[in-house]
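Structure record follows, encoded as structure tokens.
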Amino acid sequence: MPKIPKARAVSFSNLDKVFFPRTGFTKGEMIKYYLDVSAYLLPHLRKRPVTLIRFPDGVDGEKFYEKNAPRFTPGWVKTCQVRRRHEDGSINYILIDNAATLAWCANIAALELHPFLHRVPHLDRPTHVVFDFDPGEGSDMLTCAAAAFRVKDSPRSRVPRDSSSMFRSMSTWATRRRRPSPRPWPSCWSGATRT
């Protein structure tokens, strides 16, 4: 019989605080949304160190990146030490492996979650490759979409699994093969050209 995880008591505060002023969407509604989509979101976050982008005063206020788990992080939140690449020391990243941690992140106004492309403990083995298409001077989102399709439709492409579009850029994700390829990854990049 599978072991049922013990429920966590997560404390919430200021549930009526407005995070999205245009619509009046509150912190409480954000927490509920994260919980409602947790079954779909958690498989993409599990075992991946996460950088949080926090908006304590909502999307119209100041934001800041938080890599290190804050000092007030509850003891039940899993973390992972990752060595810094260009200086001494390490960063203690949060691992969002369950709905309680996801809800806790929403409560501290982490409205953007940026997971690693690697899973713990294999931080040297990415499971995905992301192509970011940001329109530069003289281009627009249609140009970015055309470039994304060129990468996707390249004969050497590994068929991107997901695409997401933001307001100012577009990302295409490609899942890496589990077995090593005779060609270095990502070989599909050679099929992309500047448009």
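Annotations
- Taking each residue of the range 1-18 that is closer than 14 Å to G75 by Cβ and looking for partners that are among the hydrophobic types (A, V, I, L, M, F, W, C) and modelled with pLDDT of 60 or more with beta-carbon atoms closer than 8 Å, six or more apart or interchain, yields R8/W76; R8/A100; V10/A100; V10/A103; V10/W104.
- Search result, residues across the range 1-16 that are surrounded by 10 or more Cβ atoms within 10 Å (Cβ to Cβ) and either in contact with a His (Cβ under 8 Å, 6 or more places away or on another chain) or modelled with pLDDT under 75 (or both): R8
Each row is one residue, and each column tells you yes or no for (1) in contact with a Pro (Cβ under 9 Å, 6 or more places away or on another chain); (2) modelled with pLDDT of 95 or more; (3) closer than 21 Å to V10 by Cα.
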residue: H44; (1), (2), (3): yes, no, no
residue: E66; (1), (2), (3): no, yes, yes
residue: G75; (1), (2), (3): no, no, yes
residue: T79; (1), (2), (3): yes, yes, yes
residue: R83; (1), (2), (3): no, no, no
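- Restricting the range 22-42 to residues that are in contact with a strand residue (DSSP E or B) (Cβ under 7 Å, 6 or more places away or on another chain) and surrounded by 17 or more Cβ atoms within 10 Å (Cβ to Cβ) leaves a set whose member that is nearest to P56 (Cα to Cα) is K27.
- Residues of the range 118-144 that are surrounded by 15 or more Cβ atoms within 10 Å (Cβ to Cβ), of a type in the set (A, V, I, L, M) and touching a Ser or Thr at 6+ places or on another chain (Cβ under 8 Å): M141 alone.
- Which listed residue is touching a Leu at 6+ places or on another chain (Cβ under 7 Å) and of a type outside the set (D, E), from P43, P49: P49
- Residue pairs whose Cβ atoms lie under 6 Å apart, separated by 6 or more positions or on different chains, with the first residue in the range 125-139 and of a type in the set (S, T, Y) and the second at pLDDT below 75 and not in a loop (DSSP other than H, G, I, E, B), do not occur.
- Of the candidates F19, F72, the single residue that is surrounded by fewer than 15 Cβ atoms within 10 Å (Cβ to Cβ) and among the aromatic types (F, W, Y) is F72.
- The residues listed here are L95, L52, L117; of these, the one that is assigned by TED's automatic domain parsing to the domain that holds F25, hydrophobic (A, V, I, L, M, F, W, C) and modelled with pLDDT under 95 is L117.
- As a summary of the residue check, I96 satisfies the conditions (1) within 18 Å of V120 (Cα to Cα); (2) surrounded by fewer than 13 Cβ atoms within 10 Å (Cβ to Cβ) except for the one numbered (2).
The values are calculated or read from the model by the stated rules, or taken from the named source; none is laboratory data. Worth saying up front: this structure is predicted, and the values here are computed from it rather than measured. Methodologically, a virtual Cβ is constructed for each residue, glycine included, from the backbone with ideal geometry; neighbour enumeration extends over all protein chains shown.
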